[in-house]
Amino acid sequence: MILVDSIKTFGEYILLMKRVFSIPEKWRVFFRQMLQEMYQLGVNSIPIVLLISFFIGAVICIQLKLNIESPWMPKMVVGYSTREILILEFSSSIMCLILAGKVGSNITSEIGTMRVTQQIDALEIMGVNSASFLILPKVSALMAMIPMLVIFSIAAGTAGAFAIGKFTGIMTPEDLMVGLQYEFQQWYIWCSVIKSVAFAFIITSVSSFYGYRVSGGSLEVGKASTNAVVSCSALILFADMILTQLLMQ
Amino acid sequence: MIEISSIYKKFDNQVVLNDISALFDNGKTNLIIGKSGAGKTVLLKCIVGLLNPDNGKVIYDGRDIISFNKKERMLLRREIGMLFQNAALFDSMSVLENVMFPLDMFSTMTYKERVKRAQFCLDRVNLLEAQDKSPDELSGGMQKRAAIARAIALEPRYLFCDEPNSGLDPQTSLRIDELIHDITKEYNITTVVNTHDMNSVMGIGDHILFLADGKLSWEGNKNEILHTDNETLNSFLFSSDLVRKVKEMGMRK
């Protein structure tokens, strides 16, 4: 039964995406909405991305220093490992899990409320493809903004590691700098960006799907938001496993 | 003109609409009345194409919407204006932007022309002073008026109103009714109103359909409704004290 329900839900999701990816009625309206969404979903997420990344960068640095450094280990290992963790997993996958909570629930509750207050019916009655009109700008906006958020996250995480080194004295900024630059691979940055773009699609499309199919009232909107965040998180982790395998081989 | 014939709709095993046929003329305010759960909203949704009937036809000036594909249906809907029960204004936009929205999407007007048209529509419903407010700053009656302005922005050929008076005081209800009636006459559009408000029935009912248990139980106009011998309709009507008194006064004369 669960399998049948899952297949049915997946089918509904595919049908919705088919409606979403259609040519916008008016490009002018689409770009105006996309800009608004870039601000709403992307720019408004910068503070939380910077805040979390800064402290996680600092914590990673402390943990590595305390747990893996030994007289036999080169001093630059802490900086090197901090960089690899930030670039390869934290700033793409973990940051997107956090964004799934912030952005995903926002999208589901916004679209779900529009559904229960008949605003989506109003769009349909006007002859507007409501799925494309509401969802496509969100998907495009977050996919366009996420690389910037990833870069900001890496930068803030690195700054956090530097700050903890400088202000606590657990290691010198010079040792950290050597580690950060040691055998730097540009491809890893690209991997992080590619993964985050895929995750941005999951966050926006899945959250929109849950919001779009809400029926009932505010209670159902709340449930849909929770379900959207749970589904987004699970799908991000699953996609992370596949993409990491594909990109890092 | 809209013609519906033999509309049949059921959900699971419950028949909600059973063989309903009617003709809605231009320039007339057509009312669908009945108790809650009689099938009014389902019928309205079938007429506008938000629901597909299991059987029957919905013909807009010779065009059967049931046989239309999605694209044809979308094009036809641009000729439709609809007032929802809770107004359904877009809360991310100001009142003016709400009214401009259909023009933004489907007209080839310049920005200035679109603003002018939207302001004209707002002025028509006496709401020009609220153009910069957001929908949540408006009272229920003002929201309905703004929704009417949005519905008429593209000069529709068909206007549908779902419970336009719900949640409004009698005086505001009367204003909304008059506005719908005047706009119908002024633009010669086909208007279908779904209501159980007896003041609306007596005020603007040019053509009335009475639904009971999913069936068309009675059809007529506001003058005929007071002299009907349909028992179900009479019991529905006389649940309104106002109508009972009007009928008594009419009989005395």
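The values are calculated or read from the model by the stated rules, or taken from the named source; none is laboratory data. Quantities reported herein were computed from a predicted structural model and do not represent experimental measurements. With ideal geometry, Cβ positions are generated from the backbone for all residues, glycine too; neighbour counts draw on all protein chains shown. Note: accessible area is taken over every heavy atom of the protein model, side chains too, but ligands, DNA and RNA are not part of it. Shrake-Rupley method; radii C 1.70, N 1.55, O 1.52, S 1.80 Å.
Of all positions in segment A:215-222, none carries a residue that is under 20 Å from the mean Cα position of the chain (by Cα), at negative phi and not charged (D, E, K, R).
Per the conditions (1) away from chain A (no Cβ under 14 Å); (2) part of a loop (DSSP other than H, G, I, E, B); (3) out of contact with any helix residue (DSSP H, G or I) (no Cβ under 6 Å at 6 or more places or on another chain); (4) within 21 Å of B:Thr184 (Cβ to Cβ), the sole criterion not satisfied by B:Asp132 is (4).
Of the listed requirements (1) within 10 Å of chain A (Cβ to nearest Cβ); (2) open to solvent by 60 Å² or more (accessible area, probe 1.4 Å), B:Phe106 misses just one: (2). Applying the condition of being buried (at least 16 other Cβ atoms within 10 Å of the Cβ) and free of Cβ contacts under 8 Å to residues at least 24 places away in the same chain to segment B:122-179 and asking which residue is farthest from B:Asn30 (Cα to Cα) yields B:Leu128.
Restricting to segment B:183-205, name every residue that is open to solvent by 10 Å² or more (accessible area, probe 1.4 Å) and at pLDDT 90 or above. Correct list: B:Lys185, B:Asn188.
The requirement of being surrounded by 19 or more Cβ atoms within 10 Å (Cβ to Cβ) and part of a loop (DSSP other than H, G, I, E, B) is satisfied by A:Met171. When each of B:Thr191, B:Thr184 is tested for being touching a residue at least 60 places away in the same chain (Cβ under 8 Å), within 20 Å of B:Asn126 (Cβ to Cβ) and touching a Leu at 6+ places or on another chain (Cβ under 6 Å), the lone residue that passes is B:Thr191. Selection within segment B:73-96: residues that are in a helix (DSSP H, G or I) and more than 11 Å from every other protein chain (Cβ to nearest Cβ). The member of this set that is least open to solvent (accessible area, probe 1.4 Å) is B:Val95.
The rows are residues; the columns are (1) under 15 Å from A:Met145 (Cβ atoms); (2) acidic (Asp, Glu); (3) in contact with a helix residue (DSSP H, G or I) (Cβ under 8 Å, 6 or more places away or on another chain); (4) surrounded by 16 or more Cβ atoms within 10 Å (Cβ to Cβ).
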| residue | (1), (2), (3), (4) |
| --- | --- |
| A:Lys18 | no, no, no, no |
| A:Phe31 | yes, no, no, no |
| A:Val43 | yes, no, yes, no |
| A:Ile52 | no, no, yes, yes |
| A:Ile60 | no, no, yes, yes |
| A:Gln63 | no, no, no, no |
| A:Asn67 | no, no, no, no |
| A:Pro71 | no, no, no, no |
| A:Arg83 | no, no, yes, yes |
